Structure formats: C-alpha cells, structure tokens
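*Asks:* Take a look at the following structure, please.
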Amino acid sequence: MKDSFYDQVFEIARLVPKGRVTSYGAIAKALGAGGSARMVGYAMSNANIAHPKVPAHRVVNSSGLLTGKFHFSPPELMQELLEQEGIVVVNDKIKNFKSVFWNPLEEL
DNA sequence: GGATTGACGTGTC
DNA sequence: AGACACGCCAATC
C-alpha cells in the first residue's frame, strides 16, 4: 500500500516543520481530498506503526485540540512532544494555535 | 461488493 | 458555551 491515500497523508505530516502543527482538514485539502478530513485521521492510525515514523503529534483537529492523543502509546506523549517543540498545550488544546499553525497549501 | 467505520469539519439547537 | 446532527470519502470487514 504505497500509493494509497495513507502514504500521502504521511508525507504531508512529515513535512510539518518542528514547532509547528497542522490540521487534518488542511492536509486533506492539500491532497485535494477536501472533505475527506476523516480519512486523514484514519490514516494516522497507521502512523503509529508507519515507517519512517510520522510526527502525528503535530497534527490536530481544526480547533487545535489534541483529539488523537489517546491513540498514542501513553496518551500524554502527544502533549509531551508538542511541548518539547515549544508548543504550549493547555487543557489538551494548543495555545496560540493560529500562530503555530502550518498550512501545507502555502508551503506546497 | 455492500455495509461499517472513523485521530474530522461545519452548522444548528 | 456545550451538545447534537449530518455530510464526506477511502479503507477494511
């Protein structure tokens, strides 16, 4: 499954710069999938076992909420990684989300 | 090959 | 502000 939708999602996810985050919808749009934001998230389920590793912690929902944190080995890992990159997370959501948001469409 | 599913998104109530 | 509903679309069963 190399040319599947998943791999495209992984690619974009890997392109997210350190200290920045993006949303599922943004990735979907960057892929031209538009409304298939759910697929992006669904694909990230494989991110845990995907190689090379995918910085899934840099991908959140449109509200900057860490929706998928419970999918990490330790759920708190997601926030940990984000904070390590200088991203402030409060109450499971990213602070200054708009400031750290990385738009794939603008970079690609 | 139809039905189910989902780490979403946007709009309403 | 918080809860609920519907739409979208590909992968999996």
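*Asks:* Using the alpha-carbon atoms, what tilt in degrees (0 to 90, nearest 10) does helix A:5-15 show relative to the longest principal axis of chain A?
*Replies:* For A:5-15 against chain A, the angle is about 40 degrees.
*Asks:* Any number yet on Rg/Rh for chain A, C-alpha, Kirkwood?
*Replies:* On the way: Rg = 12.6 Å, Rh = 13.5 Å.
With Rh from the inverse mean 1/r over Cα pairs, Rg/Rh is 0.93.
*Asks:* Kindly rank A:7-13, A:51-57, A:22-28 from highest to lowest mean number of other beta carbons found within 10 Å of each residue.
*Replies:* Details: A:7-13: 20.9, A:51-57: 16.6, A:22-28: 23.1.
Top of the packing list down: A:22-28, A:7-13, A:51-57.
*Asks:* Lys pairs in chain A, Cα-Cα under 20 Å, at least 8 apart or on separate chains: how many?
*Replies:* So the count of such lysine pairs works out to 12.
*Asks:* In a shell of Cβ-Cβ distance under 11 Å around A:F70, excluding A:F70 itself, what net charge do Lys and Arg (+1) and Asp and Glu (-1) give?
*Replies:* Its environment carries a net charge of -1.
*Asks:* For A:K93, which sequence-distant residues (separation of 5 or more, or a different chain) have an amide H within less than 5 Å of its own amide H, given hydrogens modelled in the peptide plane?
*Replies:* The list, which skips near neighbours in sequence, is A:L66.
*Asks:* Could you run the Karplus curve 6.51 cos²θ - 1.76 cosθ + 1.60 with θ = phi - 60° over the range A:71-80 and give me ³J(HN,Hα) per residue in whole Hz, x for Gly and Pro?
*Replies:* After applying 6.51 cos²θ - 1.76 cosθ + 1.60, I find 8, 7, 3, x, x, 6, 4, 4, 5, 4 Hz.
Bear in mind these aren't lab numbers, they're just calculated from the coordinates by the rules spelled out. Everything numeric in this text was worked out from a predicted model, so none of it was measured. For neighbour counting, all protein chains shown are included, and Cβ atoms are generated from backbone atoms with ideal geometry for every residue, glycine included.
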